[in-house]
Amino acid sequence: MNLFRHPATLTLGLLSLGAAFRAPAAPPPAPAGRQGATLHVSKRGDNTDGRSWRTAFHRIQAALDAVPDDRGGHRILIRPDTYAEANLDSKHKGAPGAYNVIEGDWDGQLGSGAQGWVVIDSGAPLAVVRTNPKAATGNPTFMVLTGGSPEAETGLKSVDWWGPWRCDPAYSAAGWDRWVFRRLYCTGSEGGLGWDMTCEAGRAFSAMVEDCVGLGRFAGACVMGHVGRAGEPVVFRRSYFMCLDVWGDAGAVYVRAHHKTMPAAPDAVFEDCTLVGMDNALQVGYPKFEGYSRVQFKRSRLIVLNFSQPHGTPATGAVYSDLAGKFLHVEFEDCTVMGYKVLGAREGDLFSFTTRGTNRAYVQYRQPVPKGFERLRFWPVATFNELMPPRFQAPQHSQAAHTRPRLTKLPLAIGPGAMENTPVVFNGRPLLVLNRRDDTRNGTDDYTRSMHLYVRDLTTGGEVARFGEGHSFASAFVNGPELHVFASEGTNRDWFQSLHRFSTTDLKTWKRALAIPQAPGEHLFNASVCRDPQGYLMAYESDQPVKFCFKFARSADLAHWHKLDNLVFAGASGGEYSACPVIRHVAPYYYVIYLHAATPGHPGWIAFLARSKDLADWELSPFNPLLEAGPGEGINNSDVDLFEFEGNTYLFYATGDQQTWGSVRTALFAGPMRQCFESHFPPGLPTVRVSALRKLGR
């Protein structure tokens, strides 16, 4: 991949709300190219401007104050440590398709030099805090007293409205709209991770929480007073939430949306989460409130610890609502519930719910199990063990404790001028299919004349075939006695067009046919084909709706292809640069290696690895980047393709400066391809989830 094929500057449209969940919670398309400020927080910084780890701010609030605008795409990176801060306040929201991000450098990959949790302990600030019963709003809030002995008053500050994130009856948390929270451990106060719109009740609000811990007296996580956006709900993924009280409206998580009618899509989504409460895992609403909410649980564990005898003080329900039944709908998919009973409601007016997949419940022996749940006979040991998932307990469970799979870069290069390529074994010969083009001629009458496809023998080094003049972005696939090469048709002034297939049985005679036609206004680039149980699958790169993303197509015969129009892979944000895909099917997963734009701590364009069982829900390897530029390789490790040869896996990739020069190099994994892929997803390490589902027309 070369910069000259992209007329606009290549920047990463970082971290808009990605959809790591299925419809109806797919994200809207994100504008490409928005990369905001990156700010750093570390107690080892010099506390000046936060633009690097060396100049990092000492306090999280200082970084929030330095966020420059509401255009989105800003990042706050925090060194693992304990931060005695409370009532953190964001003055700037994110933007549609460009969420802001606040994240801890859990595994050291962001360059902080540390590993572990970023702990935000709101009970630790040296302040004497009391309830203010005379608050002007009429709703008691906290007040900070002067004098006293603040050192003696550290501990869990269970005072109304005191928490990690600022809000009170007169101050809305709407400034956190369209933010992403990652690898944060929030504790020491009323709530863990959450927001209340308070004086702006009824406003639209979206946020994403991934791989976090939230502990609070009232709730471990909450979202209140908001109206969920269709396609952009508040999302909690792979996180752990616990409340420490039974009084009032306490629950592991608390949700209260303010719709006037029941929405079609969830206001809050919990995926792969563990929710632990003394009385409720989910608490919704308060008596006499009237407003509609919709909540979704997927692959989550809802655990309530109160199994009191019926004549004692039993828990009111793992999911409990204080509202009239019509105001709440809950969706369960592949969840496990533990508690005295599964569902509860004030005065028996039960809310509506639906179930999908397999949902299980372990309850007090005299309690019924709702329709759609399987009753568990035996104590669910695995679920109970999730009270504190191992990956959250200590740094030894982090990526650092797992050995990164070794990819050895071999001391050789093919070029100059080589870029896109595919290694194959055809008729027993290891070959490399490549293309040549002179991008300095882009926009001239000579550009297409500079392009052709060719094949080199990897044993002799000689060129054995040349064809496809005017085409580029070569990829190859061997089907028995046939070699198929897919390439994009170039133009002199309108970039690259549709994808064509060249086929041969003898490397001399080539047949050309249209494979994937471009859509109006679209340009197509790299493609990759693999065989799977349904026939043949192609991943192909496009500049629509995101520059750049990749899409999918299927074929039964390699000649006739139909596009899977509801799938677009555009990274964790739904708007990230995701180019140059190579796809393989190693049951039960599809694996894709693709190009990601530069991230802090890595020199330029880097290769990422993702896997999926269904092409819709993906997870990124915790060892990303798979490849990045080393000495002499410029700022680019792109256009990866690979094959297995004599028991080892060889990854061919392009180096260069993305503008004027490049060559192809090779990295060796000493083992078969299955082992190579599987070793990059070790059990127990958290992964970032990505959804490729996209509504038609977007």
Where in the range 490-532 are the strands (runs of 3 or more DSSP E), entirely inside, with at least 1 residues that are polar (S, T, N, Q)?
496-504, 524-532
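Which residues, counting only those in the range 123-148, are in a strand (DSSP E or B) and either more than 15 Å from Tyr171 (Cα to Cα) or in contact (Cβ under 8 Å) with a residue 60 or more places away in the chain (or both)?
Of everything in the range 123-148, those that are in a strand (DSSP E or B) and either more than 15 Å from Tyr171 (Cα to Cα) or in contact (Cβ under 8 Å) with a residue 60 or more places away in the chain (or both) turn out to be Val128, Val129, Arg130, Thr131, Asn132, Val144, Leu145.
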Any chance Leu483 is of a type outside the set (D, E, K, R) and closer than 23 Å to Ala553 by Cα
yes
Among residues belonging to the range 286-307 that are in contact (Cβ under 8 Å) with a residue 40 or more places away in the chain and surrounded by fewer than 18 Cβ atoms within 10 Å (Cβ to Cβ), point out the one that is farthest from Ala382 (Cα to Cα).
Pro287
Select from the range 354-390 the residues that are among the hydrophobic types (A, V, I, L, M, F, W, C) and in a strand (DSSP E or B) and write down the one among them that is farthest from Ala264 (Cα to Cα).
Ala361
Show the residue pairs meeting these rules: Cβ distance below 6 Å; 6+ apart or different chains; first residue within the range 230-247 and assigned by TED's automatic domain parsing to the domain that holds Ser573 and under 15 Å from Arg294 (Cβ atoms); second residue crowded, with 24+ Cβ neighbours inside 10 Å and of a type outside the set (Lys, Arg).
none
Which of the following residues is at pLDDT below 95 and assigned by TED's automatic domain parsing to the domain that holds Val424: Asp494, Asp506?
Asp494
In the range 68-89, which residues are crowded, with 22+ Cβ neighbours inside 10 Å and either within 22 Å of Thr599 (Cβ to Cβ) or assigned by TED's automatic domain parsing to the domain that holds Leu184 (or both)?
Gly72, Gly73, His74, Arg75, Ile76, Leu77, Ile78, Arg79, Pro80
If a residue counts only when it is under 21 Å from the mean Cα position of the chain (by Cα), which strands (runs of 3 or more DSSP E) contained entirely in the range 189-272 have at least 2 such residues?
207-210, 213-228, 234-237, 240-243, 268-271
Please pick out the residue among Glu200, Glu210 that is at negative phi, outside the structural domain of Ser90 (by TED's automatic domain parsing) and modelled with pLDDT under 95.
Glu210
Within the range 330-348, the count of residues that are touching a residue at least 12 places away in the same chain (Cβ under 8 Å) and more than 13 Å from Ala318 (Cα to Cα) comes to 4
Identify the residue in the range 427-452 that is in a strand (DSSP E or B) and farther than 16 Å from Gly415 by Cβ and, among all such residues, is farthest from the chain's Cα centre (by Cα).
Arg429
Residue among Ala152, Ala173 that alone is of a type in the set (A, V, I, L, M, F, W, C), without any contact (Cβ under 8 Å) to a residue 40 or more places away in the chain and crowded, with 16+ Cβ neighbours inside 10 Å
Ala173
Of the conditions (1) more than 26 Å from the chain's Cα centre (by Cα); (2) part of a strand (DSSP E or B), the single one that Trp161 does not satisfy is (2)
Within the range 273-285, restricting attention to residues that are in contact with a Phe, Trp or Tyr (Cβ under 8 Å, 6 or more places away or on another chain) and not in a strand (DSSP E or B), which residue is surrounded by the fewest Cβ atoms within 10 Å (Cβ to Cβ)?
Gly285
Among residues belonging to the range 535-560 that are part of a strand (DSSP E or B) and of a type in the set (Gly, Ala, Ser), point out the one that is nearest to Asp641 (Cα to Cα).
Ala539
In the range 432-488, residues that are of a type in the set (D, E, K, R) and in contact with a strand residue (DSSP E or B) (Cβ under 7 Å, 6 or more places away or on another chain) total 8
Residues of the range 98-134 being at pLDDT 95 or above and of a type in the set (Ser, Thr, Tyr), which ones?
Ser122
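The values are calculated or read from the model by the stated rules, or taken from the named source; none is laboratory data. Only a predicted model underlies this, so the values are computations on that prediction, with no experimental measurement involved. All Cβ positions, glycine included, derive from the backbone under ideal geometry; neighbour counts span all protein chains shown.
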